[in-house]
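Participant: Here it is, the structure in full.
The values are calculated or read from the model by the stated rules, or taken from the named source; none is laboratory data. All values reported here derive from a predicted model rather than from experimental measurement. Cβ placement follows ideal geometry from the backbone for every residue including glycine, while neighbour counts extend to all protein chains displayed. In case anyone asks, the SASA skips ligands and DNA or RNA and just uses the protein heavy atoms, side chains included. Shrake-Rupley method; radii C 1.70, N 1.55, O 1.52, S 1.80 Å.
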Amino acid sequence: MTSIVLLYRLARRDLRRRPAEALLLLAALAVASTTLTIGLVLHGQTAVPYAETRQRTSGPDVVAALFPPPGRSVTGADRDRLAALAGRREVAARSPAFPTTWASIEAAGVNGVAEVQGRDANPSPVDRPAVVSGHWVDGDHGGVVVERAFARALGVDVGDHVTLDGQRLRVVGVAVSAALPPYPQLCTIGCILDRPGWPSAQPGLVWAPRHEVGSLSSGREPVVWFQYLRLHDPSTAPAFAARYGADGPPTGRTDLEPWQAIAARQAEQLSSERTVVVFGSTLLVVLALATLAVLVGGRMADEVSRVGTLKAAGATPAFVARLLLASYLAVGLVAAAVGLVAGRVLAPRLVARSAGLLGASGPTSVSVGDVLIVVGTILAVVVVASVIPAWRAARTSTVHALAGAGRTPHRSRLIVRASAGLPPPALFGLRFVARRPRRTLLTAMSIAVAVCGSVVALYAQASLRAERGPAGGPADPQVAQLHTVLLAVTLLLVVMTAVNLVFVATASAVDARRLLAVARTLGATPAESAASLGVAQVLPAIVGLVLGFVAGSAIFRALAAHTVTPPLAQLAGLALLAVCLVVALTAVPARIEALRPIAETLREA
Amino acid sequence: MSGVVRVVGLAKHYGNGNALVRAVDDVDLEVATGEAVVITGPSGCGKSTLLHLMGGLDRPDAGEVWIAGRRIDHTSERTRARLRRDNVGFVFQEFHLMEELTAVENVELPALLAGRSSRQARRRATALLEQVGLERQAGHLPSALSGGQKQRVAIARALVNEPAVLLADEPTGSLDSAATIEVLRLFERLRANGQTLVVVTHDQRTAATADRMVGMRDGAFVEDVALGPETASAAQILTAGSRE
Ligand SMILES: Nc1ncnc2c1ncn2[C@@H]1O[C@H](COP(=O)(O)OP(=O)(O)OP(=O)(O)O)[C@@H](O)[C@H]1O
Ligand SMILES: [Mg+2]
């Protein structure tokens, strides 16, 4: 009991003595646990908004689409068959059949293609789109209602005008429905896009009064019919669709899409965001590990003498190891708590932007499992990063520890020999690298992680650009959303790496202080001193850069179904930026150190 | 202007108000070429501070510092570094060798900084190690050398660029008597060869290696005596010391 109180007291004093380190550690671990939490929350989140939208709009269990064979229009016999299908005894409720066709749409300079569905003013028993602003279509007053995700992509709102095949119409409402896949995947249910330039278009849904559809249809885009069905047992929808639906090219028979397929596509949209977040959080966890290892390693030198005092006073090695762990574990727990709360707050914001669904900002829950995963991961990071040095410190002989020797610098003959003929800054820099191989490794690793994340982001952006429709077309909300998430994750990575770098550079500069002071008495100029510290950072940075590029492109190739290589200029730009950032972040502490009065340093030594 | 090192009205203060310490207080000193000067005085009287100022490791609050005919107290850190490299050799009580470099690598370092080729630097370093009697230890790391050997390596390193003046701060302060004698013999030989020397010490035996002794107290000089050739030779004192 006494030992726990003592442990607590010593650990608390330890944190107080080094607030900057404690804060850096807290930031690194909190950012990692936040992204981890977001990833976990998104995982459970995907089904919720669709289910809610389905419920609030009387969503269909099965979407029936009647397409004519190529070059023909729908015949009376075809429509009879659709009516027969809708009359089957498995069907509990049905909407009327709605005529649907395709038209060019133009809104405020954005050109695209719209799927126009003819609707009645009175609500349908199945699929009653929820009007989020304005009002529903009304045959007497004209005007159209635009599906919300499509409206956002076009940049239109209630009161604006759109031009459908040259016909100017007012937007009277914006609505959301569960009967369609998320924009821009509308055509996964079926489209007829026969005009030149259209096949690459990504149509969105527009509801119009029934009579408008007839005037918009043509020989090339005939009228097709959509009918929405509710079954007695929604879970049998896939079986129903498989039994009565038509496969392959339109044959005049009816395509059937079960609601589960639509839900899966809605979830898919979130899943790519989740992949980005999970990948980003993995990298951030690795980075936090590096940060921690740098901190622990950098502290060992002056920690050992304290450990020595404790041991001389009779503390067991196990107690010493526990003490070192205790302060980091405390920070880790706080960080995990911060991350859980922040993740819980931020996650719904990511989901809320799926404009095609309702209730996306509904309750988001962090399950007990999520809490365990986040806390477990963070604590594991802390233990892994500090247990080895703590164990090593605890094992150092008491006499050696009292002498405050810390770890004696390594001497790598290879590096010393390789540096022999180089100009002094490079020579010193290489020898600093040789002195602290572990720190050098960690620098390389942090940079590799950040560069890896950025390279994956570049690849992903390039792929997204390649998937995008023709220029001047409507904006793809999913692409925009992914862009944002990618950018946020990349920025987090870069910022955390930058903080890490400054810390490592400062630690190295302090570490090299006496050595540089002596070198300066021998005639090394401040510029030479700073440059040698720079070399010590830039060398591992270059290694990290190369590793990051290789790992980043390999990971993206492994994750993505098809790879689009980003422009060479972008990759080169990233490399250049990384090097500049490393140089700039290293230069400041190096310069400060290089201008420190020599006499003072020598006096302290 | 004959002095290799000349300081005029030199002052360096620390702190202020009641806590003001006049570490060096209006000091004038001129060291002629080939002269060996010893500065002595009690602990805290400002000897190290003065030596640092003379070598351009620190900036004075007032006064002038001239080395090899150039005034250095106003110049940039970079210029002073260059000047140090070419004209000043430092020896410290704590040796300040680079632990991860061998003896010969330590010695050649200033030559490399001065832009010599690595072959030239190595040749010069080897020759100097031979002069200080450590040719067999050339490949040893400092951790494998005794205190006296470390200090001799440090002296060799200070001499590698043939400096106009060698500044030594308590060079025997960390050494036992036997090692002290090794180092003093070396200083004696340097003086005989005409090397300009300024040595800070409170070791009486070290004083014997000098042409001139300056006494210091509270930042100022209190005596300045020329030690004639009639002074007991260093060798004699050294022998006497080793018998103690
Ligand atoms: N950076 C500093 N800040 C405050 N006071 C200082 C500083 N450097 C030196 N002093 C003070 O200046 C005075 C002279 O110090 P200095 O080291 O030059 O003495 P010293 O004669 O070399 O002593 P010793 O023989 O013990 O080495 C001392 O009182 C010292 O405390
Ligand atoms: Mg001193």
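Participant: Residues of region B:24-39 being crowded, with 21+ Cβ neighbours inside 10 Å and touching a Ser or Thr at 6+ places or on another chain (Cβ under 8 Å), which ones?
Facilitator: B:Val24, B:Val31, B:Glu35, B:Ala36, B:Val38, B:Ile39
Participant: Now a separate question. When only residues in region A:11-24 that are aliphatic (A, V, I, L, M) and over 11 Å from A:Arg322 (Cα atoms) count, which is surrounded by the fewest Cβ atoms within 10 Å (Cβ to Cβ)?
Facilitator: Once the filter is applied, the top-ranked residue is A:Ala20.
Participant: Here's something else I'd like to know. Restricting attention to region A:73-90, does a residue exist that is surrounded by 14 or more Cβ atoms within 10 Å (Cβ to Cβ) and among the β-branched types (Val, Ile, Thr)?
Facilitator: Checking region A:73-90: at least one residue is surrounded by 14 or more Cβ atoms within 10 Å (Cβ to Cβ) and among the β-branched types (Val, Ile, Thr).
Participant: When residues of region B:144-185 are filtered for being away from ligand 1 (no atom under 16 Å from the Cβ), under 13 Å from the mean Cα position of the chain (by Cα) and open to solvent by less than 20 Å² (accessible area, probe 1.4 Å), how many remain?
Facilitator: 12
Participant: If a residue has to be closer than 20 Å to B:Leu197 by Cα and either within 9 Å of ligand 1 (Cβ to nearest atom) or surrounded by 13 or more Cβ atoms within 10 Å (Cβ to Cβ) (or both) to count, how many in region B:1-23 make the cut?
Facilitator: Count: 7.
Participant: Right, another one. Could you count how many residues in region B:157-191 are more than 16 Å from ligand 2 (Cβ to nearest atom), small (Gly, Ala, Ser) and either within 14 Å of another protein chain (Cβ to nearest Cβ) or more than 17 Å from B:Gly133 (Cβ to Cβ) (or both)?
Facilitator: 3
Participant: Give region B:186-208 a look and list any residue that's part of a strand (DSSP E or B) and either more than 16 Å from ligand 1 (Cβ to nearest atom) or closer than 15 Å to B:Gly148 by Cβ (or both), or say none.
Facilitator: Selection gives B:Leu197 alone.
Participant: Got a number for residues in region A:165-210 being of a type in the set (Asp, Glu) and touching a helix residue (DSSP H, G or I) at 6+ places or on another chain (Cβ under 9 Å)? Lay out the reasoning, then the answer.
Facilitator: Of the residues in region A:165-210, the ones of a type in the set (Asp, Glu) are A:165, A:194.
Checking which are touching a helix residue (DSSP H, G or I) at 6+ places or on another chain (Cβ under 9 Å) leaves us with A:165.
Qualifying residue count, region A:165-210: 1.
Participant: Return yes when A:Val456 is in the same structural domain as A:Ala509 (by TED's automatic domain parsing), assigned to a helix (DSSP H, G or I) and at pLDDT below 80 and no when it is not.
Facilitator: no
Participant: Continuing with the same structure: For region B:44-80, which positions are of a type in the set (A, V, I, L, M), within 16 Å of ligand 2 (Cβ to nearest atom) and touching a helix residue (DSSP H, G or I) at 6+ places or on another chain (Cβ under 7 Å)?
Facilitator: To start, the set of residues in region B:44-80 that are of a type in the set (A, V, I, L, M) comprises B:50-51, B:53-54, B:57, B:62, B:65, B:67-68, B:72.
Remaining after also requiring within 16 Å of ligand 2 (Cβ to nearest atom): B:50-51, B:53-54, B:57.
Across region B:44-80, the qualifying residue is only B:Leu57.
Participant: With respect to B:Ala154, determine if the residue is within 13 Å of chain A (Cβ to nearest Cβ), out of contact with any Asp or Glu (no Cβ under 7 Å at 6 or more places or on another chain) and part of a helix (DSSP H, G or I).
Facilitator: yes
Participant: Just need a number here: residues in region B:81-95 that are within 22 Å of B:Gly115 (Cα to Cα) and within 14 Å of ligand 2 (Cβ to nearest atom). Lay out the reasoning, then the answer.
Facilitator: Just the residues of region B:81-95 that are within 22 Å of B:Gly115 (Cα to Cα), to begin with: B:81-91.
Pick out the ones that are also within 14 Å of ligand 2 (Cβ to nearest atom) and you get B:90-91.
Summing the residues that are within 22 Å of B:Gly115 (Cα to Cα) and within 14 Å of ligand 2 (Cβ to nearest atom) in region B:81-95 gives 2.
Participant: If only one of A:Pro125, A:Pro184 is farther than 22 Å from A:Ser215 by Cα, modelled with pLDDT of 90 or more and open to solvent by 10 Å² or more (accessible area, probe 1.4 Å), which one is it?
Facilitator: Details: A:Pro184 fails: modelled with pLDDT of 90 or more.
Being farther than 22 Å from A:Ser215 by Cα, modelled with pLDDT of 90 or more and open to solvent by 10 Å² or more (accessible area, probe 1.4 Å) holds for just one of A:Pro125, A:Pro184, which is A:Pro125.
Participant: Among the residues of region A:51-72, write down those that are open to solvent by less than 10 Å² (accessible area, probe 1.4 Å) and among the small types (Gly, Ala, Ser).
Facilitator: Within region A:51-72, A:Gly59, A:Ala64, A:Ala65 qualify.
Participant: Also, I was wondering about something else. Give the residue that is nearest to the other protein chains (Cβ to nearest Cβ), with candidates limited to residues of region A:484-532 that are in contact with a Phe, Trp or Tyr (Cβ under 7 Å, 6 or more places away or on another chain) and open to solvent by less than 10 Å² (accessible area, probe 1.4 Å).
Facilitator: Checking each candidate, the answer is A:Thr521.
Participant: Residues of region B:37-89 being touching a residue at least 12 places away in the same chain (Cβ under 8 Å), charged (D, E, K, R) and more than 16 Å from ligand 1 (Cβ to nearest atom), which ones?
Facilitator: B:Glu64, B:Arg70, B:Asp73, B:Arg80, B:Arg84, B:Arg85, B:Asp86
Participant: Of all residues in region B:121-139, which are within 12 Å of chain A (Cβ to nearest Cβ) and not aliphatic (A, V, I, L, M)?
Facilitator: B:Arg122, B:Gly139
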